[in-house]
């Protein structure tokens, strides 16, 4: 049996924090795991900025409601789910993902949760588990799945390394340069071919 594990933001949907940064005019919120390898540092900084600006979960959800999957993402995902078992492994939050998951046909998603106060203030975040992407891939391998993983950012590289085959999709140049062991794909056609080739290896 084959299973394909995909990152979400930057692979199937736009980066939510970049979109929120653009809508609010707060450039500091445009930093993502494509820029910062330390996820804890990144999230603590985001929460501090939200608090300082008086912004909360409803403000973020309002922006997300106006977003759509990347062009071609739904067709690619529909094809992929017709050929393989597919799981989305993301460091986003269930409170963010719901409308975009509907647009993608409700694929299986493993991600995290925000700790939100009754008024909507984001107080903290709760990881499903540390390094959950790599741990999930490791568990699938232990279940005797041949596992292919694709992602675009620093926080994807541990799951790419754990998988039988790891593929970068539209990564920043610095990520591609730091992890030359992973093939780079630049569109869904290239990613499709890479997955098929990895599945036959």
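Annotations for the structure displayed:
- Annotation: for a label point projected 7 angstrom from Cα along Cα→Cβ of residue 74, residues of segment 88-106 with backbone N closer than 20 Å are 88, 96-106.
- Order of 33, 92 under a 10 Å beta carbon neighbour criterion, fewest first: 92, 33
- Per-pair calculated FRET efficiency, R0 = 25 Å: residue 197 and residue 94 via Cβ, rounded to 0.05: 0.15
- In terms of surrounding Cβ atoms within a 10 Å radius of their Cβ, 154, 94 rank from fewest to most as 94, 154.
- Segment 34-117, relative contact order in percent, only Cα pairs under 8 angstrom and at least six apart counted: 29
- Each of 106, 164 was scored by other Cβ atoms within 10 Å of its Cβ. Arranged with the fewest first, they read 106, 164.
- The Cα-based radius of gyration of segment 67-132, divided by its Kirkwood radius, gives an Rg/Rh of 1.04.
- The relative contact order of the chain comes to 25 percent, based on Cα pairs under 8 Å that sit 6 or more residues apart.
- Global size of the chain as Cα Rg and Dmax, reported in angstrom: 16.5, 52
- Approximate spin-label separation residue 181-residue 143, in nm, with each point projected 7 Å along Cα-to-Cβ: 2.5
Each reported figure results from applying straightforward, stated rules to the coordinates on display, with no laboratory input. Predicted model, so just to flag it, every value in this text is computed and none were measured. Neighbour counts run over all protein chains shown; Cβ positions are idealised from the backbone, glycine included.
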